[in-house]
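Written out below as structure tokens is the structure these notes cover.
The values are calculated or read from the model by the stated rules, or taken from the named source; none is laboratory data. Small disclaimer: the values here were computed from a predicted structure and weren't measured. Glycine also receives a Cβ, built like all others from the backbone with ideal geometry; neighbour counts cover every protein chain displayed.
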Amino acid sequence: MRLGMHIVSTAWDGGAERLGSTLTEAVEAAEAAGFDAISVTDHVWGSQYTGGAEASLVEGYTTLGFIAARTRRVRLLTLATAVPYRHAGLLAKIVTTLDVLSGGRAMLGIGAGDYAEEAEGLGLPFPPLGERYELLEEWRRSTSPIDQARSTTTRQKIQDVQLIWLSTPSTARPTPRVASESTTVATHST
């Protein structure tokens, strides 16, 4: 059995002044205890379960970079990046860069997203659920070695993301591992 530690909130004793040292202590202890992965939330607002919009919450990928510098073995991922929140090419570059700098430990944790208030409050895109699942399916196809081997694809977005995956010297060829909210999303013909 493999265990992972998920960091949902950073509203810890000591506030911002102790955030870095507290996080360092937590992730070093998790790695020493044998945890296989450390994940962080990729929300930009806390949810009703974690203290709401005003709770202490740090940005996910910056935090993973900090964690990567303080650990040597654990896999690193967000649980989970909402697929409409970040442009596909930029997210691919972020994750492959984290993968390279961490020695091949990055994973892409991605899902359809479920926090409409957060998106609305910050002006982030949040299309209807069906469209979010279509975006998730595009991501699944863009990270599939079978699809990457094909000479053409039907969507420019997928080609662009594949180019990003291939243009960063990833240690986890063909792409970093993907942990998806749904790997059995139905495909739709256009």
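When residue 61 is tested against (1) more than 22 Å from residue 23 (Cα to Cα); (2) at pLDDT 90 or above; (3) under 17 Å from the mean Cα position of the chain (by Cα), just one condition goes unmet, and that condition is (1).
To keep it simple, each residue is scored yes or no on (1) of a type in the set (S, T, N, Q); (2) more than 12 Å from the chain's Cα centre (by Cα); (3) assigned to a loop (DSSP other than H, G, I, E, B); (4) within 19 Å of residue 6 (Cα to Cα).
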{"position": "54", "(1), (2), (3), (4)": "no, yes, yes, no"}
{"position": "68", "(1), (2), (3), (4)": "no, yes, no, yes"}
{"position": "99", "(1), (2), (3), (4)": "no, no, no, yes"}
{"position": "130", "(1), (2), (3), (4)": "no, yes, no, no"}
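Of the residues making up region 70-97, those that are within 14 Å of the chain's Cα centre (by Cα) and part of a helix (DSSP H, G or I) are 88, 89, 90, 91, 92, 93, 94, 95, 96, 97.
Okay, residues lined up against (1) in contact with a strand residue (DSSP E or B) (Cβ under 6 Å, 6 or more places away or on another chain); (2) outside any helix (DSSP H, G or I):
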| residue | (1), (2) |
| --- | --- |
| 25 | no, no |
| 45 | no, yes |
| 61 | no, no |
| 64 | yes, no |
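Reported count of residues in region 1-60, each being charged (D, E, K, R) and in contact (Cβ under 8 Å) with a residue 40 or more places away in the chain, is 3.
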